[in-house]
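**Q** Handing you a structure now.
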Amino acid sequence: MTDETTMFGVALAGHGGPECLAWRDDLPRPSPKAGEVLIAVAAAGVNNTDINTRIGWYSKGENAADDASWTGEAMKFPRIQGIDVCGRITAVGAGVDPARIGERVLVEPCLIEAAGEMRDPPWFLGSECDGGFAQYCVVAARHAYAVESALSDVALASFPCSYSTAENMLTRTRLQAGETVLVTGASGGVGSAAVQLAKARGATVIAVTRAAKAQDLLDLGGARSIERDADYAAVLGHNSVDVVVDLVAGTQFPALLDVLRPKGRYAVSGAVGGPMVSLDVRTLYLKDLQFYGCTVLEPQVFGNLVRLIESGKIAPLVGAEYPLRDINAAQVAFAEKAYTGKIVLTVDPRN
């Protein structure tokens, strides 16, 4: 039972397995400070980053306790995760227009302003500060984007992290109409978003995925699909694509560079296939390739994404829905990768 000073939610107590996640109904309810808004969370998406942060995957040292946040600093526990947030503003801090109360919003996951200060590098929701796996969360008003849409809260919660990550990669690589882009990990949240967003730009999309999921990606706008363990150059041809959007890395990394055209652009924002790769530097410089590591969003990306949602030019892809209390089951389903798109948690005291 919560009161006006507490809330329910899932708290991460430390790095480790699912046992580190605990349902609590006595979490301190945040209050918006100057420039901030309080959001009643309706739904929150599940992402790779939730599991990676929990297990300390981002750490590059011997002890995850030292550097396992997105910014390379130590995590502070307990932490409420959840980088995808859809909800409504229920209170505002000083300096924020009270007319915003009641707005339905999506939260930009990359926070250049947090805890009353400008952040460089930015903080990330659910990593350096508390996120959406709870009844309420607080963010700087600039990061709460009003959204006018007939889509459900669950559908909207599938967009923020995955789609902004994908749009950021396409923005950074300057993908143009008429170009060809190869998307690895295409059936996941970011990958399926990249397929849609690249198609919306007028690009030809090649989706790397298992055969069982190929039709899903073709339905989203992919021109063709290719198996994950295929010989990319043999199937597609050397120097056959303009842009690679890579969410996998791993052993197939050299093959991605083989199919890039001279002066092609490679963007990466994930390494589910393994973070250590083999690079022949001669390929990099002899083909004049451009590499982009993509984490921090370009300033225009999230606003562009919200406009695409409102215009109906992109569609949500929700693979499964779970109540917040069942977060462990949701993460198991996420790891099994048997779905296409996103898993979303409903944040409701009745569930």
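The values are calculated or read from the model by the stated rules, or taken from the named source; none is laboratory data. Predicted, not measured: the structure shown is a model, and the values here were computed from it. Methodologically, a virtual Cβ is constructed for each residue, glycine included, from the backbone with ideal geometry; neighbour enumeration extends over all protein chains shown. Ligands, DNA and RNA are stripped out before the accessible areas are found, and what is left, the full protein with its side chains, is counted by its heavy atoms. Shrake-Rupley method; radii C 1.70, N 1.55, O 1.52, S 1.80 Å.
**Q** Leaving out ligands, DNA and RNA, what percent of the accessible area of the range 140-262 is carbon and sulfur, probe 1.4 Å? Mind dumping the intermediate values first?
**A** Numbers: 2030 of 4250 Å².
Of the solvent-accessible surface of the range 140-262, carbon and sulfur hold 48 percent.
**Q** Helix-only mean residue ellipticity at 222 nm, the chain, DSSP H runs n ≥ 4 weighted -39,500 (n - 2.57), per residue, nearest 500. What is it?
**A** After summing the helix terms and dividing by the residues of the chain, the value is -6500 deg cm²/dmol.
**Q** What are the residues whose amide H is under 5 Å from the amide H of CYS86, where those residues sit 5 or more places off or on another chain and H is modelled from the backbone?
**A** For CYS86, the qualifying residues are ALA42, ALA43.
**Q** Could you point to the residue in LEU156, GLY264, LEU247 farthest towards the positive end of the chain's charge dipole, with +1 and -1 charges on the Cβ of Lys/Arg and Asp/Glu respectively?
**A** So the residue furthest toward the plus end is GLY264.
**Q** Report the local net charge at LEU21: Lys and Arg +1, Asp and Glu -1, summed over other residues whose C-beta lies under 13 Å from its C-beta.
**A** In short, +1.
**Q** Can I ask one more? Which is the longest run of the chain containing none of the GluC sites (Glu not before Pro) found in DSSP loop states (not H, G, I, E, B) with at most 11 other C-beta atoms within 10 Å? Please list the in-between numbers first.
**A** Values: sites that count: GLU4, GLU62, GLU148.
Within the chain, the longest run free of exposed GluC sites (Glu not before Pro) spans 149-351.
**Q** Might you report the magnitude of the Cβ-based charge dipole of the chain about its Cα centre, with Lys and Arg at +1 and Asp and Glu at -1, to the nearest 20 debye?
**A** In total the dipole reaches around 800 debye.
**Q** Normalised radius of gyration for the range 115-198, please: alpha carbon Rg relative to 2.2 N^0.38 Å, two decimal places.
**A** That ratio works out to 1.29.
**Q** Out of residues 5 or more away from ALA203 or on other chains, whose amide H comes under 5 Å of its own, with H placed 1.01 Å from N in the peptide plane?
**A** Residues meeting the amide H criterion: GLY178.
**Q** Per residue, how much accessible area does the range 217-351 show when a 1.4 Å probe rolls over the protein heavy atoms, in square angstrom?
**A** Values: 6660 Å² over 135 residues.
About 49 Å² of surface per residue is accessible.
**Q** Summing +1 for each Lys or Arg and -1 for each Asp or Glu, what net charge is found among the other residues whose Cβ lies under 13 Å from the Cβ of ALA211?
**A** That sum, taken over residues with Cβ under 13 Å, equals +1.
**Q** Select from the range 295-344 those trypsin sites (Lys or Arg not before Pro) which occupy a DSSP coil region and have at most 12 other Cβ atoms within 10 Å, ordered by residue number.
**A** Hits after loop and neighbour filter: LYS313.
**Q** Here's a follow-up. Roughly speaking, to the nearest percent, how much of the range 1-121's 1.4 Å accessible area is carbon and sulfur?
**A** Carbon plus sulfur share of accessible area: 52 percent.
**Q** Okay, moving on. Which label marks the calculated value of volume of the Cα convex hull per residue in Å³, given the options [x] 197; [y] 129; [z] 150?
**A** [y]
**Q** Taking the solvent-accessible surface of protein heavy atoms with a 1.4 Å probe, what is the per residue accessible area of the range 74-141 in Å²?
**A** Ligands and nucleic acids excluded, the result is 36 Å² per residue.
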